[in-house]
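These notes concern the structure reproduced below.
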Amino acid sequence: MTTSLADHQVWSTVERVYRREIRLLQAADYREWLTVFAPDFRYRVPVVRSTDERSDMVAGEGELAYYDEDRTTMELRVDKLASSMAWTEIPPSRLRYFVQLLDVEISAAQAVAVSNILVFRARHESQENVFYGERTDRFVESGGQLKIADRTVVLDRGRLAAENLSVFL
């Protein structure tokens, strides 16, 4: 398999989008963070369950998910976080994001990036949570830039060890 200069440019662009996204999330600049997404995007974190078959572990389309959002519902979440109504984020979480880009498949219309993620959250003086798993993002061109059109995050734990999931992955 050969790779072209265009493939390397897409890979580099995806990495640049991720670095910007991480900076925005760690700064809790959620309104600006939404600009990394295409106008009509989907953001999904399905529930993971313990089963005998690997193919049945991740909740499917229309089944239970921690997040199953589009732009409208994500903007509502961001608005809530910016208000005093987001009691789960008072005081705000201190966040660190680690994203390891594993692969980018490129076609004429899109690029699909697969990454390992690790998100560390600290709150108060003693509450710490770690979220880890695999993230798949489908990028499309929008306004001359690569934007995330679909994100699916599959966490490795079947049960969250956190009191809530008020952070974005």
(request) Could you check, for the stretch 63-77, whether at least one of its residues is hydrophobic (A, V, I, L, M, F, W, C), crowded, with 16+ Cβ neighbours inside 10 Å, at pLDDT below 95 and over 19 Å from Arg19 (Cβ atoms)? (result) yes
(request) Please work out which one of (1) closer than 18 Å to Ala28 by Cβ; (2) modelled with pLDDT of 95 or more; (3) surrounded by 15 or more Cβ atoms within 10 Å (Cβ to Cβ) is the condition Glu89 fails and give its number. (result) (2)
(request) Go over the candidates Arg31, Arg20 one by one and state the one that is at pLDDT 95 or above, loosely packed, with under 14 Cβ neighbours inside 10 Å and either of a type in the set (D, E, K, R) or outside any helix (DSSP H, G or I) (or both). (result) Arg31
(request) Determine whether Leu81 is more than 16 Å from the chain's Cα centre (by Cα), surrounded by 13 or more Cβ atoms within 10 Å (Cβ to Cβ), under 19 Å from Ile22 (Cβ atoms) and touching a residue at least 40 places away in the same chain (Cβ under 8 Å). (result) yes
(message) Could you tell me how many of the residues in the stretch 22-52 are of a type in the set (Asp, Glu), in contact (Cβ under 8 Å) with a residue 24 or more places away in the chain and under 21 Å from Leu155 (Cα atoms)?
(response) 0
(request) Those residues that are at pLDDT 95 or above and in contact with a Phe, Trp or Tyr (Cβ under 9 Å, 6 or more places away or on another chain), I need them from the stretch 107-129; list them, please. (result) Gln110, Ala111, Val112, Ala113, Ser115, Asn116, Ile117, Leu118, Val119, Phe120
(request) Of the conditions (1) under 16 Å from Val45 (Cα atoms); (2) surrounded by 14 or more Cβ atoms within 10 Å (Cβ to Cβ); (3) touching a strand residue (DSSP E or B) at 6+ places or on another chain (Cβ under 6 Å), Leu160 clears all except one; give me its number. (result) (3)
(message) Return the residues of the stretch 125-155 that are within 16 Å of the chain's Cα centre (by Cα) and either more than 29 Å from Asp40 (Cβ to Cβ) or of a type in the set (Lys, Arg) (or both); say none if nothing qualifies.
(response) Val130, Arg135, Arg138, Lys147, Arg151
(request) Report yes if Tyr43 is modelled with pLDDT of 75 or more, closer than 13 Å to Asp150 by Cβ and not in a helix (DSSP H, G or I), otherwise no. (result) yes
(request) Test Ala59 against the criterion of being surrounded by 14 or more Cβ atoms within 10 Å (Cβ to Cβ) and at pLDDT below 95, and give yes or no. (result) yes
(request) Scan the stretch 89-113 residue by residue and report those that are without any contact (Cβ under 8 Å) to a residue 12 or more places away in the chain and either β-branched (Val, Ile, Thr) or within 27 Å of Ala162 (Cα to Cα) (or both). (result) Ile90
(request) Answer yes or no as to whether Val112 is crowded, with 17+ Cβ neighbours inside 10 Å, out of contact with any Leu (no Cβ under 9 Å at 6 or more places or on another chain), within 17 Å of Thr13 (Cα to Cα) and not hydroxyl-bearing (Ser, Thr, Tyr). (result) no
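The values are calculated or read from the model by the stated rules, or taken from the named source; none is laboratory data. Everything quoted here is computed from the prediction, not taken from an experiment. In this analysis, Cβ positions are derived from the backbone assuming ideal geometry, glycine residues included, and neighbour counts consider all displayed protein chains.
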